[in-house]
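S.K.: Okay, here's the structure, questions in a sec.
The values are calculated or read from the model by the stated rules, or taken from the named source; none is laboratory data. As the structure is a computational prediction, the values presented were derived from the model and not from experiment. Every residue, glycine as well, gets a Cβ built from its backbone with ideal geometry; the counts of neighbours run over all protein chains shown.
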């Protein structure tokens with residue numbers, strides 16, 4: 001079933017017949033759809049680059065360029081929600097939501113606030129409420145987040161069980177060496193803590209998983225001798241210290257769409273240009289495209305510290321930017337989609353961008 | 001005897017309960033007697049029951065926890081297949097627990113292959129945990145024919161560099177710098193342990209979609225001290241060192257011991273291949289290989305050939321079949337290469353091994369400046385790899401026993 005068919009079916013259920021010609025710009029939608037990777041390709045046997053790259057992309061949201069403003073939901077107490085989303089711009093809605101939900105508006109976004117922690121099952125029912133009670137937008141309503149399932153917590157003291165610490169890191173062992181050995185699932189944040197009394201550059205590193213289950217799996221793996229960084233087994237411990245962090249951008253953690261795969265620290269950008277197909281195998285020729293990553297790194301560094309900037313294997317110029325913090329990556333993505341920003345002007349048309357998989361999103365094999 | 005039926009992806013599937021799995025020396029000594037006692041594991045499957053997979057002449061015997069998916073490649077060493085670990089959990093984002101299984105065959109028939117298998121295992125253990133070297137997950141030795149061989153369970157990587165280079169993947173100067181930098185980082189780690197890889201080529205460098213490289217296949221690796229041997233032994237060694245196209249000229253021409261610089265020559269060949277999208281020197285045999293090098297680098301200095309002291313080198317001095325002996329300009333050979341790349345090529349691909357830059361100098365080269373992470377270029381913390389063990393292993397039985405002990409140690413240390 002294609003996505004357009006899904007939309008029509010949902011609108012019928014909603015009792016509101018929508019004219020596709022009026023409410024959707026079909027041309028735009030189709031244009032976006034042509035570049036959409038169908039997750040149903042997942043099970044196909046892949047041997048070529050195109051298929052393998054698709055496999056890499058599948059399951060990760062490629063945000064189309066014609067996204068409209070969508071509602072999404074966050075969890076927290078009503079008092080906290082109002083505080084978190086800036087007193088001046090919040091207004092509670094009279095929408096007929098369930099008892100534990102409030103509708104608030106912030107910077108043009110409609111936000112469903114859940115005043116108690118929800119489970120995955122509850123979130124699905126929340127989705128239905130949201131669809132029936134709000135106008136139909138370009139995609140099904142987006143809901144979120146603070147469930148036990150994904151542990152994307154907004155409250156700073158709640159997620160210590162997903163955070164770990166690695167101490168006494170030897171000299172000449174950089175962040176890349178460490179992160180390359182971390183497995184289990186996507187990370188929310190990596191932090192380098194420098195001990196002022198030590199000369200070492202990276203004395204202690206803390207890292208926080210998005211999912212609690214992944215963190216537990218990694219901890220099991222890290223306790224075996226299989227976990228080695230440059231030949232040395234390091235002890236990983238849970239970091240139960242309270243997090244002191246700026247809550248300013250924490251609302252970004254709540255923008256996860258249940259219908260889309262995980263938002264990650266990794267952004268992938270692919271350059272849009274008409275590609276002249278050259279069969280290198282036969283012609284033995286190469287065209288090295290001029291590409292200077294420095295400016296791009298400079299642009300994205302504005303959002304936060306970058307852990308790595310790497311090339312991606314693709315038929316077009318393609319790079320990935322891995323931030324230290326998932327919120328920086330979400331912020332960068334939002335900026336690239338916001339027509340009023342510099343990042344939009346610079347990247348929106350020239351580049352296609354989406355969330356890529358975190359390098360640590362690999363199962364722990366023992 | 002318990003039987004397990006699986007839907008297996010390869011042809012003629014059967015299961016093979018009670019197969020002798022050799023994991024320690026004591027069991028090896030009794031491997032001719034099938035074990036009658038089968039211990040049950042938590043999932044109700046016997047820990048000694050194994051599944052076998054056959055596809056033509058390829059035969060795999062795997063523990064029940066691994067389900068073979070497809071054959072990835074075959075070579076003189078054996079076969080590699082992909083598999084799924086059914087006992088490991090997928091990540092919350094549904095990343096499946098996949099791995100690659102390399103079966104090294106014929107090791108029990110030929111001493112040299114057994115020696116290589118031992119070396120490979122020891123190097124994989126020694127270099128475990130480096131970001132640019134492939135990780136070994138498990139290893140086991142199977143003695144029953146036709147499944148016999150050393151099974152190395154490794155992380156599964158999407159591509160190798162040969163696939164990347166010889167496809168329509170778009171490479172930019174940034175890609176090439178980043179790849180070369182990672183190769184140099186891996187090589188620094190290897191060289192710092194006094195080990196020469198000796199078979200560096202795009203096919204032995206694995207590459208993930210996000211551009212992380214991992215060096216694999218240590219079957220031909222040797223210690224630097226080991227190579228300072230007698231001339232007769234040296235001649236024997238050169239016969240199987242390095243894939244020809246990436247072979248340094250001194251391996252073919254010289255009777256003297258070679259050193260780490262042969263790996264740097266291979267790095268130069270790979271760098272050229274990135275720009276050219278085909279191997280730089282494609283020789284059909286060892287002398288044709290030298291002629292291919294001469295076409296680009298010009299004639300080697302006579303003094304150097306005299307120093308090599310081999311018949312091949314002497315014949316080369318007296319050979320006037322080339323119309324030109326001038327070195328070609330790299331810019332004409334490698335279209336699109338930057339000035340930095342050309343300078344690095346000059347330093348990597350030169351006839352004289354002494355003039356070739358070391359891996360440490362290459363990491364300081366401005367070609368990799370933009371992608372360099374100064375604080376993340378570790379040397380091997382275990383020091384120089386000790387090859388002393390090889391001098392004590394004089395017979396096939398001694399080698400076998402040593403391999404079994406190595407496997408046993410590795411498996412014990414995993415926990």
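S.K.: Would you pick out the residues in segment B:141-159 that are in contact with a helix residue (DSSP H, G or I) (Cβ under 9 Å, 6 or more places away or on another chain) and buried (at least 21 other Cβ atoms within 10 Å of the Cβ)?
M.R.: Scanning segment B:141-159 gives B:141, B:149, B:150, B:152, B:154.
S.K.: Next question, about the same structure. Quick one: in segment B:343-392, of everything that is closer than 22 Å to residue B:258 by Cβ and within 13 Å of chain A (Cβ to nearest Cβ), which residue is surrounded by the most Cβ atoms within 10 Å (Cβ to Cβ)?
M.R.: B:385
Let's see how each residue does on (1) assigned by TED's automatic domain parsing to the domain that holds residue B:180; (2) crowded, with 21+ Cβ neighbours inside 10 Å; (3) under 18 Å from residue B:406 (Cβ atoms); (4) without any contact (Cβ under 8 Å) to a residue 24 or more places away in the chain:
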site: B:57; (1), (2), (3), (4): no, no, no, yes
site: B:72; (1), (2), (3), (4): no, no, no, no
site: B:84; (1), (2), (3), (4): no, no, no, yes
site: B:91; (1), (2), (3), (4): no, yes, no, yes
site: B:104; (1), (2), (3), (4): no, yes, yes, no
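S.K.: Those residues that are facing chain B (nearest Cβ under 7 Å) and either at pLDDT 95 or above or in a helix (DSSP H, G or I) (or both), I need them from segment A:268-293; list them, please.
M.R.: Within segment A:268-293, A:280, A:281, A:293 qualify.
S.K.: Being touching a residue at least 60 places away in the same chain (Cβ under 8 Å), more than 9 Å from the chain's Cα centre (by Cα) and within 14 Å of chain A (Cβ to nearest Cβ) is the filter here, so list the residues in segment B:189-227 that pass it.
M.R.: B:189, B:190, B:192, B:193, B:195, B:202, B:206, B:212, B:213, B:214
S.K.: Sort out which residues of segment B:309-327 are at pLDDT 75 or above, surrounded by fewer than 13 Cβ atoms within 10 Å (Cβ to Cβ) and under 24 Å from residue B:276 (Cα atoms), and write them in order of number.
M.R.: Once the filter is applied, which keeps residues that are at pLDDT 75 or above, surrounded by fewer than 13 Cβ atoms within 10 Å (Cβ to Cβ) and under 24 Å from residue B:276 (Cα atoms), segment B:309-327 yields only B:326.
S.K.: Then there's this: Does residue B:180 satisfy the criteria of being in a helix (DSSP H, G or I), within 9 Å of chain A (Cβ to nearest Cβ) and in contact with a helix residue (DSSP H, G or I) (Cβ under 7 Å, 6 or more places away or on another chain)?
M.R.: no
S.K.: Within segment B:277-305, can you find the residues that are under 23 Å from the mean Cα position of the chain (by Cα) and either on the phi < 0 side of the Ramachandran plot or outside the structural domain of residue B:351 (by TED's automatic domain parsing) (or both)? It would help to see each step written out before you state the result.
M.R.: Here is the first cut: in segment B:277-305, the ones under 23 Å from the mean Cα position of the chain (by Cα) are B:277-286, B:289.
The answer is B:278, B:279, B:280, B:281, B:282, B:283, B:284, B:285, B:286, B:289.
S.K.: Residues in segment A:169-185: is at least one surrounded by fewer than 18 Cβ atoms within 10 Å (Cβ to Cβ), outside any strand (DSSP E or B) and on the phi < 0 side of the Ramachandran plot?
M.R.: yes
S.K.: Determine if segment A:229-247 includes at least one residue that is at pLDDT 90 or above, in a helix (DSSP H, G or I) and surrounded by fewer than 17 Cβ atoms within 10 Å (Cβ to Cβ).
M.R.: The answer is no, given that none of the residues of segment A:229-247 is at pLDDT 90 or above, in a helix (DSSP H, G or I) and surrounded by fewer than 17 Cβ atoms within 10 Å (Cβ to Cβ).
S.K.: From B:367, B:274, B:360, B:385, grab the single residue that is touching a strand residue (DSSP E or B) at 6+ places or on another chain (Cβ under 7 Å), closer than 30 Å to residue A:172 by Cα and touching a residue at least 12 places away in the same chain (Cβ under 8 Å).
M.R.: Sole residue among the options that is touching a strand residue (DSSP E or B) at 6+ places or on another chain (Cβ under 7 Å), closer than 30 Å to residue A:172 by Cα and touching a residue at least 12 places away in the same chain (Cβ under 8 Å): B:385.
S.K.: Out of B:405, B:347, which single residue is in a helix (DSSP H, G or I) and either closer than 24 Å to residue B:298 by Cα or in contact with a strand residue (DSSP E or B) (Cβ under 6 Å, 6 or more places away or on another chain) (or both)?
M.R.: None of the other options fit; the residue is B:347.
S.K.: Here's a follow-up. Looking at segment B:35-51, is at least one residue outside any loop (DSSP other than H, G, I, E, B), more than 25 Å from residue A:359 (Cβ to Cβ) and either within 14 Å of chain A (Cβ to nearest Cβ) or at pLDDT 50 or above (or both)? Show your work before the answer.
M.R.: The first filter runs over segment B:35-51 and keeps only residues outside any loop (DSSP other than H, G, I, E, B), leaving B:40, B:46, B:50-51.
Keeping just the survivors that are more than 25 Å from residue A:359 (Cβ to Cβ) gives B:40, B:46, B:50-51.
So of that shortlist, the ones also either within 14 Å of chain A (Cβ to nearest Cβ) or at pLDDT 50 or above (or both) come out as B:50-51.
Yes, there is a match, as at least one residue in segment B:35-51 is outside any loop (DSSP other than H, G, I, E, B), more than 25 Å from residue A:359 (Cβ to Cβ) and either within 14 Å of chain A (Cβ to nearest Cβ) or at pLDDT 50 or above (or both).
S.K.: List the number of the failed condition for residue A:330; all other conditions in (1) in contact with a strand residue (DSSP E or B) (Cβ under 6 Å, 6 or more places away or on another chain); (2) under 28 Å from residue A:206 (Cα atoms) hold.
M.R.: Looking at each condition in turn, residue A:330 falls short on (1).
S.K.: Also: Quick one: which residue in B:95, B:74, B:65 is under 25 Å from residue B:113 (Cα atoms) and out of contact with any helix residue (DSSP H, G or I) (no Cβ under 9 Å at 6 or more places or on another chain)?
M.R.: Answer to the check: B:74.
S.K.: With respect to residue B:399, is the statement that it is buried (at least 19 other Cβ atoms within 10 Å of the Cβ), outside the structural domain of residue B:267 (by TED's automatic domain parsing) and out of contact with any strand residue (DSSP E or B) (no Cβ under 9 Å at 6 or more places or on another chain) true?
M.R.: So residue B:399 passes the test.
S.K.: Check segment B:145-168 and report whether any residue there is facing chain A (nearest Cβ under 8 Å), in contact with a strand residue (DSSP E or B) (Cβ under 9 Å, 6 or more places away or on another chain) and over 17 Å from residue B:206 (Cβ atoms).
M.R.: no
S.K.: Continuing with this model, one more query. Looking at (1) within 18 Å of the chain's Cα centre (by Cα); (2) within 11 Å of chain A (Cβ to nearest Cβ); (3) crowded, with 23+ Cβ neighbours inside 10 Å; (4) more than 23 Å from residue A:173 (Cα to Cα), which is the only condition residue B:174 fails?
M.R.: It is condition (1) that residue B:174 fails.
S.K.: Sticking with this one: Against the definition (surrounded by fewer than 21 Cβ atoms within 10 Å (Cβ to Cβ) and over 19 Å from residue A:366 (Cα atoms)), how does residue B:98 come out, yes or no? If you could, list the steps in order and put the result at the bottom.
M.R.: Numbers: surrounded by fewer than 21 Cβ atoms within 10 Å (Cβ to Cβ): yes; over 19 Å from residue A:366 (Cα atoms): no.
The answer is no for residue B:98.
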